[in-house]
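Contents: one structure, followed by commentary.
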Amino acid sequence: MSNRCFRPVRPEDVERIAQIAVRAWQPIYAYYREALGEELFARLHTGWEERKADQVRQAARARPDCVYVTEIDGAIAGFITFMVNPETGVGEIGNNAVDPECQTSGIGTAQHREALRIMRERGMHTARVTTGLDPAHAPARRSYEKAGFDHSMSSITYYMDLSDL
């Protein structure tokens, strides 16, 4: 039986969670490359790996009280970032991921539930999360639904290559 621990991020965890973020988002950006085509993808997303890693690093350094990791047998298997807004009472799940080698074992859903519990303890009455509607985000959507998210509002983003005008 694996020993699972959900705990606040520590400074020595930052590079590991940045690595997990990049590994976990690779299928999403592969889908973007396919959907947008090579040229438009290059204009929009070149360097995405470092930008995603930096987002996670900055969150962990700026608000370590809102970044948690999941350890399995002492090794970090996933992380979640979230925000709380005491003025509105709305908490929001941000970047979160599970190492691809550990996916489909319920870690993501458990992380979401724990973050929601913390949000509630901190006085939030509502939580939200935003994710893509594309096939690459399907695992994230399933995890959010398993954690209890049950209302959604769809949106769409359009892109246009202006060099064709």
Test residue 57 against the stated conditions and say whether it is farther than 30 Å from residue 123 by Cα, of a type outside the set (Gly, Ala, Ser) and in a helix (DSSP H, G or I). no
Positions within segment 118-135 being within 23 Å of residue 20 (Cα to Cα) and over 13 Å from the mean Cα position of the chain (by Cα), in sequence order: 118, 133, 134, 135
If residue 64 passes every condition in (1) surrounded by 15 or more Cβ atoms within 10 Å (Cβ to Cβ); (2) within 23 Å of residue 134 (Cα to Cα) but one, which one does it miss? (2)
Single match in 108, 91 (criterion: buried (at least 23 other Cβ atoms within 10 Å of the Cβ), free of Cβ contacts under 8 Å to residues at least 40 places away in the same chain, in contact with a helix residue (DSSP H, G or I) (Cβ under 6 Å, 6 or more places away or on another chain) and under 17 Å from residue 146 (Cα atoms)): 108
Of the residues in segment 145-165 that are exposed (fewer than 10 other Cβ atoms within 10 Å of the Cβ) and hydroxyl-bearing (Ser, Thr, Tyr), the one that is nearest to residue 117 (Cα to Cα) is 154
Given (1) of a type in the set (D, E, K, R); (2) in a helix (DSSP H, G or I); (3) under 20 Å from residue 98 (Cβ atoms), number of the condition residue 71 does not satisfy: (2)
Restrict the check to segment 25-44 and report whether at least one residue is over 30 Å from residue 163 (Cβ atoms), in a helix (DSSP H, G or I), within 13 Å of the chain's Cα centre (by Cα) and among the aliphatic types (A, V, I, L, M). no
Residues being within 21 Å of residue 103 (Cα to Cα) and surrounded by fewer than 15 Cβ atoms within 10 Å (Cβ to Cβ): count how many of those fall in segment 28-41. 1
Of all residues in segment 145-165, how many are in contact with a Ser or Thr (Cβ under 7 Å, 6 or more places away or on another chain) and part of a loop (DSSP other than H, G, I, E, B)? 1
Of all residues making up segment 81-109, the number that are within 19 Å of residue 3 (Cβ to Cβ), assigned to a strand (DSSP E or B) and in contact with an Asp or Glu (Cβ under 9 Å, 6 or more places away or on another chain): 0
What is the one condition in (1) touching a residue at least 12 places away in the same chain (Cβ under 8 Å); (2) loosely packed, with under 14 Cβ neighbours inside 10 Å; (3) under 19 Å from residue 23 (Cβ atoms); (4) not acidic (Asp, Glu) that residue 75 does not satisfy? (1)
Does segment 1-53 hold any residues that are within 25 Å of residue 113 (Cβ to Cβ), of a type in the set (Gly, Ala, Ser) and modelled with pLDDT of 95 or more, and which are they? 18, 21, 24
Considering 120, 128, 142, which residue is part of a strand (DSSP E or B) and surrounded by fewer than 18 Cβ atoms within 10 Å (Cβ to Cβ)? 128
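The values are calculated or read from the model by the stated rules, or taken from the named source; none is laboratory data. Predicted, not measured: the structure shown is a model, and the values here were computed from it. No Cβ is skipped: glycine too gets one built from the backbone with ideal geometry, and neighbour counts run over all protein chains shown.
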